[in-house]
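Contents: one structure, followed by commentary.
What follows draws every value from the coordinates through simple rules; no lab data is involved. All figures in this text were calculated on a predicted structure; none of them were measured in a lab. Because the Cβ atoms are built from the backbone with ideal geometry, glycine has one as well, and the counts that use them run over all protein chains shown.
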Ligand code: SAH
């Protein structure tokens with residue numbers, strides 16, 4: 001795979017070239033089939049209009065935090081989807097993002113973010129970077145974001161996209177069950193995959209007064225839990241409805 005970035009006077013394309021039959025390169029005179037995918041990062045008035053409608057829809061489902069709704073209106077969600085799904089980017093639905101993973105439904109992103117009760121400058125740990133969309137929502141709201149992804153391919157793909165988009169959360173390839181002890185404590189922790197249980201290291205890394213939002217459950221649906229650290233030894237727990245996430249898996253993956 002060879003990556004190029006082409007710049008013209010008003011837009012930037014990233015282009016990936018893949019040799020489909022690598023052995024063909026070694027034989028003189030052989031033709032090589034190149035597959036070229038172009039993903040221009042273009043945001044039009046149509047996209048902006050669709051985002052406005054999406055924010056209205058998310059509000060109508062009960063989300064009230066204006067800063068969350070503003071972030072949804074600002075971030076071009078179509079940049080995060082594979083090109084064949086671009087027309088679905090502004091529906092309130094989850095979508096595949098490669099490596100068998102999904103970008104969360106905008107309502108779910110907004111609901112979880114609202115539960116965090118985020119303040120500007122707070123340090124937030126996200127488990128499950130995925131497409132990077134949720135991380136951008138947090139950055140847009142003024143948080144200092146640290147995000148972990150266990151899937152190496154996805155981590156690299158998202159890192160590249162967010163750099164192109166000029167969003168700068170700190171991205172890590174690792175196992176979210178362990179958190180990031182070197183950067184703890186965090187004011188807020190957000191888990192975006194279904195956890196079979198609440199990992200103890202994450203509770204340990206939560207600041208005094210800090211909030212962790214985590215979907216917990218081993219079945220088809222999970223309970224959205226909101227944990228608040230009230231003292232060194234005490235954590236309060238609240239259940240906030242049922243949702244469906246991809247599983248939080250142990251260890252790193254390629
Ligand atoms: N926040 C994402 C949603 C991604 S879906 C977004 O906005 O698009 C959940 C993600 O969690 C997947 O990318 C999955 O690979 C990742 N994941 C699952 N288990 C994990 C673990 N133990 N550590 C880190 N990431 C994990």
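Structure notes:
- Ranked packing of 127-133, 177-183, most packed first, by mean Cβ within 10 Å: 127-133, 177-183
- Segment residue 74-residue 56, length gained on full extension (0.36 nm per residue, minus Cα span): 5.2 nm
- Share of pairwise Cα separations in segment 45-243, more than 31 Å, in percent: 12
- Once C-alpha pairs closer than 8 Å and six or more residues apart are averaged by separation and normalised to the residue number of segment 72-122, the relative contact order reads 24 percent.
- R0 of 25 Å, Cβ-Cβ distance residue 240-residue 82: FRET efficiency to nearest 0.05: 0.20
- Cα gyration tensor shape for segment 63-170, rounded if a/c is under 1.5, else prolate or oblate: oblate
- Segment 172-239, relative contact order [Cα under 8 Å, separation at least 6], %: 26
- Residue ranges 224-236, 160-172 sort as 160-172, 224-236 when ordered by packing (mean number of other C-beta atoms within 10 Å per residue, highest first).
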